[in-house]
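Input: a single structure, listed below in structure tokens.
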Amino acid sequence: MSPPGTEAEVHIASFVVQHRDSASTALAAMIDTHDDLELALSGDTRSVVICESADRHAVMERVDQLQSVPGVLNVLLVYHHAEPARALDEPLPSLSILSPTGATP
């Protein structure tokens, strides 16, 4: 529950996880235990993990948990975005495509 006067937020973050080749299975298993994590890209020694959480503290907690996986060498936070949860339900503004001269085609 949010404190009075505050809105619920959504935090979206991405991490690059540098790891030994032997850590891939343990890393994937750890990610599978958390509903707010997704293995977006898995590589031999680098993987990309996405976190979507309602709590900014959970984002940093996930960094610590990813780093504790045996064979993980480093976890880099490369993107973090937060906005009110209600904003995700709002329609996007229509975009107009302009020509190089500024006129609409």
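For segment 9-45, residues that are of a type in the set (A, V, I, L, M), farther than 13 Å from ALA58 by Cβ and in contact with a strand residue (DSSP E or B) (Cβ under 9 Å, 6 or more places away or on another chain) total 11.
Just name the residue that is least open to solvent (accessible area, probe 1.4 Å) out of those in segment 15-50 that are part of a strand (DSSP E or B) and among the charged types (D, E, K, R). Only one residue tops the list, namely GLU38.
Taken as a whole, segment 51-62 holds at least one residue that is closer than 28 Å to GLU7 by Cα, of a type in the set (Lys, Arg) and open to solvent by less than 100 Å² (accessible area, probe 1.4 Å).
Does LEU66 satisfy the criteria of being outside any strand (DSSP E or B) and either at pLDDT 90 or above or on the phi > 0 side of the Ramachandran plot (or both)? Yes: the conditions hold for LEU66.
The residue pairs whose first member lies in segment 82-105 and is open to solvent by less than 100 Å² (accessible area, probe 1.4 Å), whose second member is modelled with pLDDT of 65 or more and among the polar types (S, T, N, Q), and whose beta carbons are closer than 9 Å, counting only pairs six or more residues apart or on different chains, are THR104/SER96.
Scanning segment 1-60 for residues that are modelled with pLDDT under 95 and of a type in the set (Lys, Arg) yields a total of 1.
Considered as a group, the residues in segment 63-75 that are loosely packed, with under 13 Cβ neighbours inside 10 Å and not hydroxyl-bearing (Ser, Thr, Tyr) include one that is nearest to LEU27 (Cα to Cα), and that residue is PRO70. For first residues located in segment 41-56 and closer than 17 Å to ILE12 by Cβ, partners that are of a type in the set (Asp, Glu) and lie 6+ apart or on another chain with Cβ distances below 6 Å form the pairs ILE50/GLU38; CYS51/ASP36; GLU52/ASP36; SER53/ASP36.
The values are calculated or read from the model by the stated rules, or taken from the named source; none is laboratory data. Everything numeric in this text was worked out from a predicted model, so none of it was measured. Reconstructed Cβ throughout: ideal geometry from the backbone, glycine too, with neighbour counts over all protein chains shown. Ligands, DNA and RNA are excluded from the accessible area calculation, which covers all protein heavy atoms including side chains. Shrake-Rupley method; radii C 1.70, N 1.55, O 1.52, S 1.80 Å.
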